[in-house]
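My questions will all concern the structure given below.
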Amino acid sequence: MTHIFEENISTAMRDGTILRCDIFRPDAPGQYPVLVSRTPYDKTRTAYRRIAAHMANNGYVCILQDIRGTHASDGTYYLARNGRQDTRDAEDGYDTVEWAAALPCSDGQVCVWGHSYSSWSAWVAAGARPPSLKALFGSGMAARILDNTRGIFETGRRLHWMYQQAADMRRRAGGPALTKAEIDARWYDVERFKWVWFLPLGDIPDSAFPGLTDQLKDYMRKQTVETWGFDDVHPDVTVPTCALTGWYDRIIGAIEHYEGMEANGPADLRGQHRLIVGPWGHGMAALNQHVGPMDFGPDAAALYEDLLLEWCDEKLKGRTPVDPAPVRLFVMGENRWHSAQQWPLAGTRHTDFFLRSQGQANSVAGDGRLELAPPQDDPADQFTYDPRDPVMSLMGRDIQMEPRLQAPNDDRQDILVYQTAPLDRPLRVIGRVSVELWIGSDAPDTDFTVKLVDVRPDGSAVNVSYGILRCRYRDGYAADAAPLRPDRSYRIRIELNPTAIVFGAGHRIRLDVSSSDFPNFDRNHNTGRDFWSDAELRPARQSVFHDHKRASRLVLPVIDNTAG
């Protein structure tokens, strides 16, 4: 089947604002289910059009819309990260769904879909309960922003993203129309990331992100506010949903949507939702077999549009799904897909691996160990964290998480390294990973970071997951905890992103502990003051304790068997 393409079709919202859509529809008479994706990233992007054309060629009308205040659409753009209450995306999503359902080529059924911000807009629209909505397909969007950011400004990714978004604001004000590639080239090769080092961040000039700087500064002050809060939306979503993400997606909290809909969504829909997690990062155009230094095998490769088509064929056309299981997980290491009836998986054994050393765990050359036996009288490990020289994030150039060889940071003395002996048999780990640390610091506030690493038999090491805790949030985000005292030790719990991996025989499980992961997360200045108004950077002396009274540990969700 071929398709017909219509560009910049005007759609009036209830307040009279005109939003514009591109429509891809089958070149054949009849009425078809409609797919709607609303984006601030320019509906003409190649990936969007490729997916829309594929869906139209397979018997769907696919509508791409620039959201309010972006690209071809009128109105004022408000950032999703600052809170749903500041936007009109619920109303605009509702109006667009109902407009789409009434098109002559529509059969009256609509599925909202999207990735990242477009997934956010899909969930917001679904929560408004448009009568014609029949399904939702969302990827790369967490249910809770604080589970994504941990209450810490994501300096590198957020400023790069703001720079990209501000380019459209410049164009709307009469500036040049730049492609995404041209915008990125300016950020990388002209600006050279300079804004990530700017202090204080709250004084960034308006010219850096014109049209959006005020909203950026407002967002800086909302780091402990749950501005997404889709837990409140799930009870109002009255359609089946599919959540798609990857183990290397830094917004892997898409899993929370599946959990939320099963736990808090309408009771009659429980069991109809779907969760798919592959070995991928954050990007619908990159569901690849090869990611960084890893080859996850041919089963890892997928096309976003094929997964979307499978979901829509099931929910809008009544076709039998390829795999009816509600949970489909790719297990890295064995490089196979597994089906399950629930998440987290039944039969999970949370297994403690205790941090051990003789006080010299600094760097990969240190004496840090992970053992099943708890410590007795091990001396503490110590390091100095200097925010002027932070541990640099080993990530993609765009500050997206991906598998990376860890060797560039091997010699740093401000990273404590704990690892098992080579495993004598494979260990399957599927689920949420956590670390319990007993720490001390001479700073009133500081950060502790953890990274789970797979060390292969040849000695090369690849990151698996990560986490961070700002100590002022150790008791939650509602109120800052009391300043740290240098004469005390504290027990903190750090949640890492979930994962699914088999650590093979001969591999080592490694845990890296430090106090910075920059610019993935903003540097803690160690002063106790608000990051956005503070220009001082103060070194801190950090301690990690692991003795019989203060047993620091890595907790892994071990699975003996997986179905599928």
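Are any residues in the range 508-542 farther than 24 Å from residue 496 by Cα and either β-branched (Val, Ile, Thr) or open to solvent by less than 20 Å² (accessible area, probe 1.4 Å) (or both), and if so, which ones?
527, 534
Keeping to the range 218-255, report how many residues are assigned to a helix (DSSP H, G or I), farther than 27 Å from residue 315 by Cα and of a type in the set (A, V, I, L, M, F, W, C). Give the steps one after another, and end with the answer.
Residues of the range 218-255 that are assigned to a helix (DSSP H, G or I), as a first pass: 218-220, 230-232, 234-236, 254-255.
Next, from what is left, pick out any that are farther than 27 Å from residue 315 by Cα: 218-220.
Filter once more, keeping what is of a type in the set (A, V, I, L, M, F, W, C): 220.
Residues in the range 218-255 being assigned to a helix (DSSP H, G or I), farther than 27 Å from residue 315 by Cα and of a type in the set (A, V, I, L, M, F, W, C): 1 in total.
Which of the helices (runs of 4 or more DSSP H) contained wholly in the range 118-217 include at least 2 residues that are among the hydroxyl-bearing types (Ser, Thr, Tyr)? Reasoning before the result, please.
On the way: elements: 145-149, 155-172, 180-185.
Counting at least 2 such residues, we get 155-172.
Consider residue 456 carefully, then state whether it is touching a His at 6+ places or on another chain (Cβ under 9 Å) and not polar (S, T, N, Q).
Working: touching a His at 6+ places or on another chain (Cβ under 9 Å): yes; not polar (S, T, N, Q): yes.
The answer is yes for residue 456.
Suppose the filter is open to solvent by less than 30 Å² (accessible area, probe 1.4 Å), farther than 27 Å from residue 223 by Cβ, part of a strand (DSSP E or B) and touching a residue at least 12 places away in the same chain (Cβ under 8 Å); does residue 439 pass it?
Numbers: open to solvent by less than 30 Å² (accessible area, probe 1.4 Å): yes; farther than 27 Å from residue 223 by Cβ: no; part of a strand (DSSP E or B): yes; touching a residue at least 12 places away in the same chain (Cβ under 8 Å): yes.
No: the conditions fail for residue 439.
Here's another thing I want to ask about it. Residue by residue through the range 282-322, note down the ones that are part of a loop (DSSP other than H, G, I, E, B), crowded, with 21+ Cβ neighbours inside 10 Å and either among the β-branched types (Val, Ile, Thr) or at pLDDT 95 or above (or both).
Result: 296, single match.
Right, here's the next one. Any idea how many residues of the range 543-556 are open to solvent by 20 Å² or more (accessible area, probe 1.4 Å) and over 28 Å from the mean Cα position of the chain (by Cα)?
Looking only at that region, the number is 5.
Mind checking which residues of the range 334-371 are over 19 Å from residue 435 (Cβ atoms), open to solvent by 60 Å² or more (accessible area, probe 1.4 Å) and in contact with a strand residue (DSSP E or B) (Cβ under 6 Å, 6 or more places away or on another chain)?
337, the sole residue that qualifies.
Any residue in the range 180-187 that is touching a residue at least 40 places away in the same chain (Cβ under 8 Å), farther than 30 Å from residue 313 by Cα and aliphatic (A, V, I, L, M)?
Going through the range 180-187, the residues touching a residue at least 40 places away in the same chain (Cβ under 8 Å) turn out to be 180, 184.
Within this subset, residues satisfying the condition of being farther than 30 Å from residue 313 by Cα are 180, 184.
Adding the requirement that they be aliphatic (A, V, I, L, M) leaves none.
Among the residues of the range 180-187, not one is touching a residue at least 40 places away in the same chain (Cβ under 8 Å), farther than 30 Å from residue 313 by Cα and aliphatic (A, V, I, L, M), which makes the answer no.
Check whether at least one residue in the range 300-309 is under 30 Å from residue 437 (Cα atoms) and under 20 Å from the mean Cα position of the chain (by Cα), and report yes or no.
no
Additional query: Given (1) under 30 Å from residue 156 (Cα atoms); (2) part of a loop (DSSP other than H, G, I, E, B); (3) not aliphatic (A, V, I, L, M), where does residue 347 come up short, assuming only one miss?
(1)
Against the conditions (1) within 24 Å of residue 225 (Cα to Cα); (2) buried (at least 16 other Cβ atoms within 10 Å of the Cβ), where does residue 479 fall short? Just the number, please.
Looking at each condition in turn, residue 479 falls short on (2).
Follow-up question, since we're still on this one. Restricting attention to the range 160-181, does a residue exist that is crowded, with 22+ Cβ neighbours inside 10 Å and among the polar types (S, T, N, Q)?
Scanning the range 160-181 turns up no residue that is crowded, with 22+ Cβ neighbours inside 10 Å and among the polar types (S, T, N, Q).
Scan the range 400-422 for residues that are surrounded by 17 or more Cβ atoms within 10 Å (Cβ to Cβ) and assigned to a loop (DSSP other than H, G, I, E, B) and jot them down. Give the steps one after another, and end with the answer.
Of all residues in the range 400-422, those surrounded by 17 or more Cβ atoms within 10 Å (Cβ to Cβ) come to 400-404, 406, 409, 412, 414-420.
Residues satisfying the conditions are 400, 401, 402, 403, 404, 406, 412, 414, 415, 420.
Go through the residues of the range 519-535 one by one and say whether even a single one is over 19 Å from residue 443 (Cβ atoms) and touching a helix residue (DSSP H, G or I) at 6+ places or on another chain (Cβ under 9 Å).
So the first thing to find is which residues in the range 519-535 are over 19 Å from residue 443 (Cβ atoms), and the list is 519-520.
Next cut, touching a helix residue (DSSP H, G or I) at 6+ places or on another chain (Cβ under 9 Å) only: 519-520.
Within the range 519-535, one or more residues are over 19 Å from residue 443 (Cβ atoms) and touching a helix residue (DSSP H, G or I) at 6+ places or on another chain (Cβ under 9 Å).
Something else now. Condition test on residue 121, is it under 28 Å from residue 26 (Cα atoms) and either among the acidic types (Asp, Glu) or free of Cβ contacts under 8 Å to residues at least 60 places away in the same chain (or both)? Steps first, please.
Working: under 28 Å from residue 26 (Cα atoms): yes; either among the acidic types (Asp, Glu) or free of Cβ contacts under 8 Å to residues at least 60 places away in the same chain (or both): no.
Against the criterion (under 28 Å from residue 26 (Cα atoms) and either among the acidic types (Asp, Glu) or free of Cβ contacts under 8 Å to residues at least 60 places away in the same chain (or both)), residue 121 does not qualify.
Another question about this same structure. Between a first residue in the range 125-137 that is over 14 Å from residue 234 (Cα atoms) and a second residue that is part of a loop (DSSP other than H, G, I, E, B), which pairs have beta carbons less than 7 Å apart while being 6 or more apart in sequence or on different chains?
Within 7 Å, the pairs are 133/239; 134/239.
How many of the residues in the range 256-281 are hydrophobic (A, V, I, L, M, F, W, C), buried (at least 24 other Cβ atoms within 10 Å of the Cβ) and part of a helix (DSSP H, G or I)?
1
The values are calculated or read from the model by the stated rules, or taken from the named source; none is laboratory data. Model, not experiment: these values are computed from the prediction. Neighbour counts are summed over all protein chains in view; Cβ atoms, including those assigned to glycine, are modelled from backbone coordinates with ideal geometry. Calculation scope for accessible area: heavy atoms of the full protein, side chains included, ligands and nucleic acids excluded. Shrake-Rupley method; radii C 1.70, N 1.55, O 1.52, S 1.80 Å.
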